[in-house]
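*Asks:* Handing you a structure now.
The values are calculated or read from the model by the stated rules, or taken from the named source; none is laboratory data. None of these values were measured; they are calculated from a predicted model. So basically every Cβ, Gly included, is an ideal-geometry build from the backbone, and we count neighbours across all protein chains shown. Note: areas computed on protein heavy atoms with side chains; ligands, DNA, RNA excluded. Shrake-Rupley method; radii C 1.70, N 1.55, O 1.52, S 1.80 Å.
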Amino acid sequence: LFFCQKYGSAAISIAIAMSFRWLLPWALGSLGSAASSPPSLVVAFQGRADAEASAYDELLAALQREGEERKVEIFYPKKGTFQEMEPEVQELMAQHPGAFLVYMGHGMGTTGGASAAQHYAATATAAKARLVLLAGFLERVWRPDIAACMKTWSVQPTLKCPKGLCPGGYLKDGVHNCSGPTIPSPSYPGPPSLSIGGELDGLVRMSRMAEAWYTQQATQHKVKLVLGMSHSDLMSSIPSSVAAQDLPSECGASDARTQVSKLILDFLLAESLEISPEAEIFGPFVEMFAKEEGSWWWTSYSDEQGSSSWAANAQRRLVDPLPCSGASGAWHVENEF
């Protein structure tokens with residue numbers, strides 16, 4: 001203080017310069033050591049409920065090898081449901097502060113780990129949590145317009161047509177009117193996600209992965225497709241329920257696991273996922289379901305609003321060519337709706 005009072009602003013400048021001279025090497029050394037330390041992953045994985053506990057050992061080993069190649073430490077809690085793994089997950093996260101917490105599952109439906117993963121991760125509080133769905137996708141219940149529609153679908157037709165032209169009855173106008181945005185994207189409350197599907201998956205079909213890809217393009221939820229991969233490729237022992245429905249693999253289990261592991265690490269390390277076949281392969285599905293059929297799952301339409309080019313063209317073909325005017329008498333058309 002005496003030095004600064006005596007020599008004024010020049011002394012302050014000298015002091016600041018000397019401080020930078022002393023502190024800069026320390027700061028650069030600290031940053032260098034932080035940058036060189038490998039990232040860590042705590043991966044909580046749940047497979048299909050109908051698969052043996054050891055069925056995914058080779059998949060997790062492939063992910064471990066990919067991590068080692070990229071200097072990424074991966075830690076797995078003991079197998080079980082996500083609820084059963086939670087205590088050990090918290091211990092691992094405490095031991096490795098700053099690690100990514102990855103909820104990962106395989107398969108959809110009541111026996112599917114991907115279904116379980118997304119519902120469990122929906123309330124995840126970890127700052128660096130991520131969700132990986134193998135042979136899975138974000139369910140439609142996460143889309144606000146679909147959630148609104150589900151509340152109306154419980155109302156069934158009750159009004160009867162006087163002339164009986166509408167078997168089963170009909171609804172009053174507006175009862176099922178729950179149209180949404182042009183592209184019904186999910187508002188998933190959980191962490192960013194990666195969905196990986198197989199081109200030859202007989203249980204989680206490519207058309208459903210195409211729907212996920214189309215509706216999630218503008219979100220933090222990415223969708224990837226592995227060419228030639230079946231549902232069974234990610235398991236070393238195949239449940240009979242899967243074998244009965246799956247398609248033959250063209251890429252082989254080993255290659256499929258390697259490709260899946262690379263995609264997972266690319267996603268978690270924020271590396272590019274842009275160079276991919278999805279746009280080309282899913283394009284025809286977009287044309288079919290969004291542009292031609294006007295599917296409720298792909299568009300803003302509901303069962304009270306929208307149109308289908310397919311239906312219109314089909315009706316034209318049914319009555320084409322029309323008979324000449326007056327050749328078959330007058331036309332009588334009646335609609336009770």
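*Asks:* Could you pull out the residue among PHE267, PHE289 that is open to solvent by less than 40 Å² (accessible area, probe 1.4 Å) and among the aromatic types (Phe, Trp, Tyr)? If you could, list the steps in order and put the result at the bottom.
*Replies:* Numbers: PHE289 fails: open to solvent by less than 40 Å² (accessible area, probe 1.4 Å).
From the options PHE267, PHE289, the qualifying one is PHE267.
*Asks:* Still on this structure, please answer the following. In the range 237-254, what residues are assigned to a helix (DSSP H, G or I) and surrounded by fewer than 17 Cβ atoms within 10 Å (Cβ to Cβ)? Before the answer, list the steps.
*Replies:* First, the residues of the range 237-254 that are assigned to a helix (DSSP H, G or I): 240-243, 253-254.
Once the filter is applied, which keeps residues that are assigned to a helix (DSSP H, G or I) and surrounded by fewer than 17 Cβ atoms within 10 Å (Cβ to Cβ), the range 237-254 yields SER240, SER241, ALA243, SER254.
*Asks:* Here is a further query. For the structure I just gave you, tell me whether ALA116 is open to solvent by 10 Å² or more (accessible area, probe 1.4 Å) and within 14 Å of the chain's Cα centre (by Cα).
*Replies:* On the way: open to solvent by 10 Å² or more (accessible area, probe 1.4 Å): yes; within 14 Å of the chain's Cα centre (by Cα): yes.
Answer is yes for this residue.
*Asks:* Within the range 201-216, count every residue that is open to solvent by 30 Å² or more (accessible area, probe 1.4 Å) and either touching a residue at least 24 places away in the same chain (Cβ under 8 Å) or touching a Cys at 6+ places or on another chain (Cβ under 6 Å) (or both). Before the answer, list the steps.
*Replies:* Step one: filter the range 201-216 for residues open to solvent by 30 Å² or more (accessible area, probe 1.4 Å), giving 203, 205-208, 213-214.
From what's left, either touching a residue at least 24 places away in the same chain (Cβ under 8 Å) or touching a Cys at 6+ places or on another chain (Cβ under 6 Å) (or both): 203, 206-208, 213-214.
Number of matching residues: 6.
*Asks:* Which numbered condition trips up PRO186, out of (1) touching a Lys or Arg at 6+ places or on another chain (Cβ under 6 Å); (2) open to solvent by less than 10 Å² (accessible area, probe 1.4 Å); (3) in a loop (DSSP other than H, G, I, E, B)?
*Replies:* Result: PRO186 fails condition (2) only.
*Asks:* Of everything in the range 147-174, what is in contact (Cβ under 8 Å) with a residue 60 or more places away in the chain and farther than 20 Å from SER295 by Cβ? Give them in sequence order. Quick ask: steps written out before the conclusion?
*Replies:* If we filter the range 147-174 for residues that are in contact (Cβ under 8 Å) with a residue 60 or more places away in the chain, which is where we start, we get 149, 161-163, 165-166, 170, 173-174.
Passing the criteria: CYS161, PRO162, LYS163, LEU165, CYS166, TYR170, ASP173, GLY174.
*Asks:* When you check SER193 against the structure, is it among the hydroxyl-bearing types (Ser, Thr, Tyr) and crowded, with 17+ Cβ neighbours inside 10 Å, yes or no?
*Replies:* Values: among the hydroxyl-bearing types (Ser, Thr, Tyr): yes; crowded, with 17+ Cβ neighbours inside 10 Å: yes.
Yes, satisfied.
*Asks:* Given (1) among the β-branched types (Val, Ile, Thr); (2) in contact with a Phe, Trp or Tyr (Cβ under 6 Å, 6 or more places away or on another chain); (3) surrounded by 22 or more Cβ atoms within 10 Å (Cβ to Cβ), identify the lone condition not met by VAL260.
*Replies:* (2)
*Asks:* Taking the criterion of being assigned to a helix (DSSP H, G or I), at pLDDT 75 or above and hydroxyl-bearing (Ser, Thr, Tyr), would at least one residue in the range 290-304 satisfy it? Steps first, please.
*Replies:* Residues of the range 290-304 that are assigned to a helix (DSSP H, G or I), as a first pass: 290-293.
Then drop every residue that is not at pLDDT 75 or above, which leaves 290-293.
Narrowing the set further to residues that are hydroxyl-bearing (Ser, Thr, Tyr) leaves none.
No: zero hits.
*Asks:* Which residue out of MET108, MET93 is open to solvent by less than 50 Å² (accessible area, probe 1.4 Å) and more than 30 Å from TRP296 (Cβ to Cβ)? Walk me through it before giving the result.
*Replies:* On the way: MET108 fails: more than 30 Å from TRP296 (Cβ to Cβ).
Testing whether each residue is open to solvent by less than 50 Å² (accessible area, probe 1.4 Å) and more than 30 Å from TRP296 (Cβ to Cβ) leaves just MET93.
*Asks:* Something else about it: Check off (1) modelled with pLDDT of 90 or more; (2) touching a Lys or Arg at 6+ places or on another chain (Cβ under 7 Å) for LEU273 and give me the number that stays unchecked.
*Replies:* Checking LEU273 against (1) modelled with pLDDT of 90 or more; (2) touching a Lys or Arg at 6+ places or on another chain (Cβ under 7 Å), the one that fails is (1).
*Asks:* Considering the range 217-236 alone, what residues qualify as being touching a residue at least 60 places away in the same chain (Cβ under 8 Å), farther than 18 Å from PHE282 by Cβ and crowded, with 19+ Cβ neighbours inside 10 Å? Show your work before the answer.
*Replies:* Start the filter on the range 217-236 by keeping residues that are touching a residue at least 60 places away in the same chain (Cβ under 8 Å), which leaves 221, 223, 231, 234-236.
Right, trim to farther than 18 Å from PHE282 by Cβ and you get 231, 234-236.
Once the filter is applied, which keeps residues that are touching a residue at least 60 places away in the same chain (Cβ under 8 Å), farther than 18 Å from PHE282 by Cβ and crowded, with 19+ Cβ neighbours inside 10 Å, the range 217-236 yields HIS231, LEU234, MET235.
*Asks:* Something else about it: Only residues that are open to solvent by less than 30 Å² (accessible area, probe 1.4 Å) and assigned to a helix (DSSP H, G or I): list them for the range 121-151, please.
*Replies:* The answer is ALA121, ASP145, ILE146, CYS149.
*Asks:* Consider the range 201-211. How many of its residues are closer than 13 Å to LEU134 by Cβ and not in a loop (DSSP other than H, G, I, E, B)?
*Replies:* Step one: of the range 201-211, the residues closer than 13 Å to LEU134 by Cβ are 201, 203-204, 209.
Checking the rest, the ones that are also not in a loop (DSSP other than H, G, I, E, B) come to 209.
Here the count works out to 1.
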